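This report refers to the structure that appears directly beneath it.
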2 protein chains.
Amino acid sequence: MDLSEKLDGHGAAGTAGRRSDAVAAELARMIQTGDLQEGERLPAERELMQRYGVSRTAVREAIVSLANRGFIETRLGHRPIVRKADYEIAVDRVGNLVGHLMVDREGVWNLFETRIFIEGGLARWTAKHARPVDLEELRSALESNRQAIGDPLLFDETDAAFHAVLYRAPGNPIYPAIHKAYVEWLTQHWRSMKRGAGIDQMNHAGHVAIFEAIVARDPDDAEESMRRHLVAAWEFVRSTFPTDR
Amino acid sequence: MDLSEKLDGHGAAGTAGRRSDAVAAELARMIQTGDLQEGERLPAERELMQRYGVSRTAVREAIVSLANRGFIETRLGHRPIVRKADYEIAVDRVGNLVGHLMVDREGVWNLFETRIFIEGGLARWTAKHARPVDLEELRSALESNRQAIGDPLLFDETDAAFHAVLYRAPGNPIYPAIHKAYVEWLTQHWRSMKRGAGIDQMNHAGHVAIFEAIVARDPDDAEESMRRHLVAAWEFVRSTFPTDR
DNA sequence: GTTGGATTTTGGTCCGACCATATGGTATAG
DNA sequence: CTATACCATATGGTCGGACCAAAATCCAAC
């Protein structure tokens with residue numbers, strides 16, 4: 001097939017956009033419809049150029065495009081491998097796009113504010129709908145967090161794990177993907193904070209308050225506790241910016 | 001400069017990854033640090049190949065990569081233009097990554113569920129913190145929506161505008177970007193629904209209930225009204241899937 | 001000063017070649 | 001017979017030069 005483009009000799013961009021875009025679109029379609037299964041190897045470049053009647057250059061640029069969009073994975077000396085993007089990869093990619101928006105206090109605040117919003121809502125949701133198994137997970141995560149007080153690295157880890165339980169509770173894979181992004185994007189600011197031993201105590205206390213509100217099935221209290229917990233955390237994050245007002 | 005890579009003759013991938021990746025990384029850095037300002041034109045390909053000591057092929061692939069990531073915008077016969085990605089572009093890009101997850105009912109439901117979650121939270125937030133000007137905007141949007149009953153296209157437009165007010169209210173640019181994505185991603189399913197005149201009536205009634213709860217400053221009622229409104233809408237979206245259970 | 005065509009710039013494509021890595025099969029050593 | 005070293009091949013990565021088409025620019029004619 002010729003991509004339904006009249007083979008107008010070799011040379012410049014035809015009347016219908018870039019050749020490489022046409023190839024990329026065709027391959028992307030095959031991936032999305034399942035003609036090319038996940039994990040399968042893409043045809044070799046030299047075969048694709050014959051199949052679609054374009055040069056290897058065009059094929060290569062199409063492959064680069066697909067790779068950048070996360071549809072395939074390229075390794076040197078190896079045929080590209082089909083990789084359907086999931087929510088995590090997708091959200092991950094947003095990160096390197098808006099990285100430049102995360103350099104000043106306003107950009108980070110915008111992100112952090114959405115976190116307060118979402119986790120507040122999650123705390124409310126969990127207080128209302130959590131199953132016993134969710135509560136048990138939460139209790140367990142809280143205990144691990146308590147034991148980690150004093151060990152900065154371990155505390156951060158168990159801290160994230162505690163919040164992760166809330167993101168998992170609704171059973172929607174989009175939430176954990178968002179949580180992963182929050183952790184990755186905000187982690188650098190978190191790390192640059194010098195923090196005394198008292199900070200861990202305070203954060204753990206926040207977790208306790210959230211947990212207790214949830215087991216008490218008090219949505220309002222759960223949301224408010226979460227909000228207080230995160231706003232307190234923000235005070236430290238914001239302190240990492242020189243131009244504080 | 002030579003990208004700090006020993007110019008190991010022309011030929012295959014050096015010891016340090018692809019040449020094009022190195023060029024892309026360097027240009028991306030220049031964009032993020034502001035050495036290349038928004039709207040500015042990138043140097044010509046033939047100049048970049050000299051400046052970095054690589055072939056035009058490598059330069060081109062680097063440019064393709066940057067374009068796919070949204071850092072630059074390419075037009076035929078035109079130098080690429082620097083375009084720093086904002087929240088909208090970023091969220092937009094997630095769409096074409098997870099497009100394949102939006103083909104079955106489960107994927108769409110996961111997305112729709114997050115919409116219910118977020119808009120429920122927004123309704124609650126607005127009921128609690130809305131300024132008079134927000135309420136006025138909301139009232140105006142509601143009136144436009146009422147007048148559009150019967151005109152399918154206009155109704156959808158005013159419907160989205162009504163919800164948009166809620167996304168704008170917190171003053172965080174991330175929320176409108178998310179709303180835009182919801183509208184774009186779910187719009188196709190929405191369109192494929194044949195709907196009688198009564199549906200508009202029902203949806204408008206839902207908006208009225210939400211509005212009244214907000215002006216009454218009743219967060220619980222606002223969230224619940226929004227939830228009912230969206231769950232009802234979901235019933236129609238789900239009907240567009242053949243494998244209903 | 002404005003307009004319209006010729007020239008220059010610049011991106012898009014093709015071709016053929018070469019190198020580096022990865023894979024697999026084969027011959028050789030144990 | 002097994003295991004290892006080695007070589008042929010497949011495949012991706014890079015280069016250089018060439019040509020085309022669209023856009024931008026320049027310049028002369030009006």
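Using only C-alpha positions, report the orientation-averaged shadow area of the convex hull of the range A:149-242, nm², one decimal. Write down the numbers at each step before the final one.
On the way: hull surface 25.2 nm².
Approximately 6.3 nm², given one-decimal rounding.
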With the charge dipole of the range A:46-92 built from beta-carbon charges (+1 for Lys and Arg, -1 for Asp and Glu) about the Cα centre, the Cα from A:57, A:76, A:89 projecting farthest to the positive end belongs to A:57
Compute the distance from the alpha-carbon center of the range A:58-87 to that of the range B:24-57, in whole Å.
23
Taking a quarter of the surface of the Cα convex hull of the protein assembly as shown, what do you get in nm²?
27.5
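Express in nm, to one decimal, how much length is gained between residue A:232 and residue A:136 on full extension, taking 0.36 nm for each residue of separation and deducting their alpha carbon distance. Working shown, then result.
Numbers: separation 96, 0.36 × 96 = 34.56 nm, distance 2.61 nm.
Going from the current span to full extension adds 32.0 nm.
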With a ≥ b ≥ c the root eigenvalues of the C-alpha gyration tensor of the range A:19-82, is it rounded (a/c under 1.5), prolate (a/b larger than b/c) or oblate?
rounded
Would you kindly work out, in nm and rounded to one decimal, the distances from the label point of residue A:236 to those of the same position in each other copy, ordered shortest first, with label points 7 Å along Cα-to-Cβ?
4.8
Placing +1 on the Cβ of each Lys and Arg and -1 on the Cβ of each Asp and Glu in the range A:89-238, which of A:210, A:130, A:237 has its Cα farthest towards the positive end of the resulting dipole?
A:237
Taking the protein assembly as shown, the lysine pairs whose C-alpha atoms sit under 27 Å apart (8 or more places apart or on different chains) add up to 11
Given label points at 7 Å from Cα along Cα→Cβ, what nm distances, shortest first, separate residue B:109 from the same residue in every other copy?
4.0
Short version: which residues of the range A:93-130 lose at least 40 Å² of accessible area, all chains versus chain alone, 1.4 Å probe?
A:94, A:96, A:97, A:100, A:101, A:110, A:113, A:114, A:117, A:124
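Provide the per residue accessible area, probe 1.4 Å, for the range A:19-82, rounded to a whole number of square angstrom. Don't skip to the answer; put the middle values down first.
Numbers: 3060 Å² over 64 residues.
For the range A:19-82, the per-residue accessible area is 48 Å².
Near residue B:70, within a Cβ-to-Cβ distance under 9 Å, what is the net charge of the other residues, with Lys and Arg +1 and Asp and Glu -1?
+2
Taking the Cα centre of chain A as origin, work out the dipole magnitude from +1 charges on Lys and Arg Cβ and -1 charges on Asp and Glu Cβ, in debye rounded to 20.
Here chain A has a charge dipole of around 680 debye.
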Please work out how much length the chain gains when fully extended from residue A:46 to residue A:146, using 0.36 nm per residue of separation minus the C-alpha to C-alpha distance, in nm with one decimal.
30.1 nm
Chains A and B together, accessible area buried on both sides, 1.4 angstrom probe, square angstrom
3900
Between residue B:109 and residue B:79, what is 0.36 nm times their sequence separation minus the Cα-Cα distance? Round to one decimal in nm.
6.6 nm
Note to self, the protein assembly as shown gives a 222 nm [θ] from helices alone (DSSP H runs n ≥ 4, -39500 (n - 2.57) apiece, / all residues, nearest 500) of -22000 deg cm²/dmol
List the distances, in nm to one decimal, from the label point of residue B:25 to the label points of the same position in every other copy, shortest first, placing each label point 7 Å from Cα along the Cα-to-Cβ direction.
3.3
Per-residue SASA entry for residue A:57, accessible area with 1.4 Å probe, Å² rounded to 10:
80
Simple Cβ-charge dipole of the protein assembly as shown, Lys/Arg +1 and Asp/Glu -1, about Cα centre, in debye nearest 20:
1320
Label model pair residue B:67, residue A:205: point-to-point distance (7 angstrom along the Cα→beta-carbon line) in nm is 5.7
In square angstrom, rounded to the nearest 10, how much accessible surface does residue A:54 have for a 1.4 Å probe?
20
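Could you look at the range A:59-131 and say what percent of its accessible area is carbon and sulfur, using a 1.4 Å probe and all protein chains?
Working: 1400 of 2810 Å².
Solvent-exposed carbon and sulfur of the range A:59-131 make up 50 percent of the total.
Which of the trypsin sites (Lys or Arg not before Pro) found in the range A:111-181 are in a DSSP loop and have at most 12 neighbouring Cβ atoms, other than their own, within 10 Å? Mind dumping the intermediate values first?
Details: sites: A:115, A:124, A:128, A:139, A:146, A:168, A:180; in loops: none.
Here no loop site has a sparse enough neighbourhood.
Per the Kirkwood formula on distinct C-alpha pairs, the Rh of chain A is how many angstrom? Numbers along the way, then the final one.
Values: mean 1/r = 0.0470 Å⁻¹.
Answer for chain A: a Kirkwood hydrodynamic radius of 21.3 Å.
At a Förster radius of 35 Å, what calculated FRET efficiency corresponds to the Cβ-Cβ distance of residue A:218 and residue A:188, to the nearest 0.05? Walk me through the numbers on the way to the answer.
Details: r = 35 Å, r/R0 = 0.99.
Computed FRET efficiency for residue A:218 and residue A:188: 0.50.
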Sort out for me the Cα centre separation of the range B:107-171 from the range A:201-222, rounded to whole Å.
31
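The values are calculated or read from the model by the stated rules, or taken from the named source; none is laboratory data. Quick caveat, the model's predicted, so the values are computed rather than measured. Heads up, the Cβs are rebuilt from the backbone with ideal geometry, glycines too, and the neighbour counts pull from every protein chain shown. Ligands, DNA and RNA are excluded from the accessible area calculation, which covers all protein heavy atoms including side chains. Shrake-Rupley method; radii C 1.70, N 1.55, O 1.52, S 1.80 Å.
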